[in-house]
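Take a look at the structure set out below.
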Amino acid sequence: MNKLICYEHGIYAIDADYVRPNLAAIHLVVENERAAFIDSGCNDSIPNVLAALQELRIPVENVDYVILTHVHLDHAGGAGAMMRAFPNARLIVHPRGARHMVDPSRLIEGSEAVYGVEAVRRLYGEILPIEATRIVEATHELSVDLAGRELLCLDTPGHAKHHIAIVDRKSGHVFTGDIFGVSYRELDTDGRQFIILTTTPVQFDPAAMHASIDLLLSYRPEAAYLTHFGQIKNLPEKAIELHRMVDDFVAIAMREKDVGADRHVRIRDGLANLLLDDIKRFGCQLASTTILKFFANDLELNAQGLGVWLDSNQT
Ligand SMILES: [Zn+2]
């Protein structure tokens, strides 16, 4: 299977080999034989990353940056291993995420609380720490220089408070981590892409998510690169869908707020029904059971995230 996807403007996606094929991507920007990775996948992703560099004939010494959209482990779990493999790279990460890359213990604990101890060990292995001297904190509008190509970091909370998105000034395209939803290529229908919100625990913030989506659109990007998964286009219409979904998700959570012990299951079922309505309207012909299989993990995490939001929200 081809693990390296080539887009325009020296932009690539590498399959992170996370859980299933085409679930998580690591993006790569190449300018004048210098390289920047956006997100790191996990430790298991490293062989694909090295193979991609070899295929593109880029020595590991030419990797200038590893940029993390946020420090959830499907995006940042392999960062320590990457930094060891790339001797000249600097790590770019949100100021709220930086200390967790120096000392990953709280990150691991947080993930264990969401996924369970066993699953974290199986999915991520040993999370390697990164020397503080190699880390650059990405404050809002930090400009990163990749061989003269500007990569602009934007503070984009809503999915997580430690989330940035990156505007590539050369192409005008944006790297959106998890703030612009997830979109799996297997669901593409007539060349169109289906998109869904992600509200993974524990920092979903609907108002911030609306604002971050609008901020990204204000750059009028022609394409976005989602960690889950790869390039999408027609962003203004996708943004309308995402804005509507933020409101629908909040309505589902609020509806089930006081139902007691069943709350999580009822929120998850509500999200599943919404998903099936949306995707049928979109025109996807796959069976409901197949669709639900693709999104099982998202539905579970989204429901958990909405539960945490309800508990922390004084409404
Ligand atoms: Zn993610």
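None of the figures in this text is laboratory data; all of them are computed from the coordinates on show. Source: prediction; values computed, not measured. Quick reminder, even Gly has a Cβ in these numbers, built from the backbone with ideal geometry, and neighbours come from all protein chains shown.
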Work out the count of Lys pairs in the chain where the Cα-Cα distance is under 24 Å, with the pair 8 or more places apart or on different chains.
10
For the range 1-69, the dipole about the Cα centre with charges only on Cβ (Lys and Arg +1, Asp and Glu -1), to the nearest 20 debye, works out at 140
Counting Lys +1, Arg +1, Asp -1, Glu -1, what net charge surrounds S212 among other residues with beta carbon under 12 Å of its beta carbon?
-3
For every helix of n ≥ 4 consecutive DSSP H residues, a contribution of -39,500 (n - 2.57) applies; sum these over the chain, divide by its total residues, and give [θ] at 222 nm rounded to the nearest 500 deg cm²/dmol.
-12000 deg cm²/dmol
Counting Lys +1, Arg +1, Asp -1, Glu -1, what net charge surrounds A239 among other residues with beta carbon under 14 Å of its beta carbon?
-1
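Restricting to DSSP loop positions (anything but H, G, I, E, B) with no more than 12 other Cβ atoms inside 10 Å of their own Cβ, which GluC sites (Glu not before Pro) remain in the range 98-158? Walk me through the intermediate numbers first.
Details: sites: E109, E112, E118, E126, E131, E137, E141, E150; in loops: E126, E131, E141.
Passing both the DSSP loop test and the Cβ count: E126, E131, E141.
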Any chance you could give the angle, 0 to 90 degrees and rounded to 10, that helix 235-255 forms with the longest Cα principal axis of the chain?
50
Order 242-254, 75-87, 278-290 from most to least packed using the mean count of other Cβ atoms within 10 Å.
75-87, 242-254, 278-290
Computed over the chain: longest principal axis from alpha-carbon atoms vs helix 296-312 long axis, angle to nearest 10 degrees, is 80
Hey, could you grab the Kirkwood Rh for the chain? Inverse mean 1/r over distinct alpha carbon pairs, Å, one decimal.
19.6
Treating the angle as unsigned and between 0 and 90°, give the value, to the nearest 10°, between the Cα long axis of helix 206-217 and the longest Cα principal axis of the chain.
50
How large is log10 I(q)/I(0) at q = 0.18 Å⁻¹ when the Debye formula is applied to the Cα atoms of the range 140-216, each weighted equally and without solvent?
-0.78
Just to confirm a number: summing +1 for Lys and Arg and -1 for Asp and Glu over residues other than T198 whose beta-carbon lies under 9 angstrom from that of T198, what do you get?
-2
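Looking at the chain, send over the antiparallel percent of its DSSP beta bridges, to the nearest 5. Could you put the intermediate results ahead of the total?
On the way: 30 of 43 bridges.
Here the antiparallel bridges make up roughly 70 percent for the chain.
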Relative contact order of the chain (C-alpha contacts under 8 Å, at least 6 apart) in percent is 14
Can you tell me the equivalent ellipsoid semi-axes for the range 174-315? Use √(5λ) from the Cα gyration tensor, largest first, whole Å.
24, 19, 12
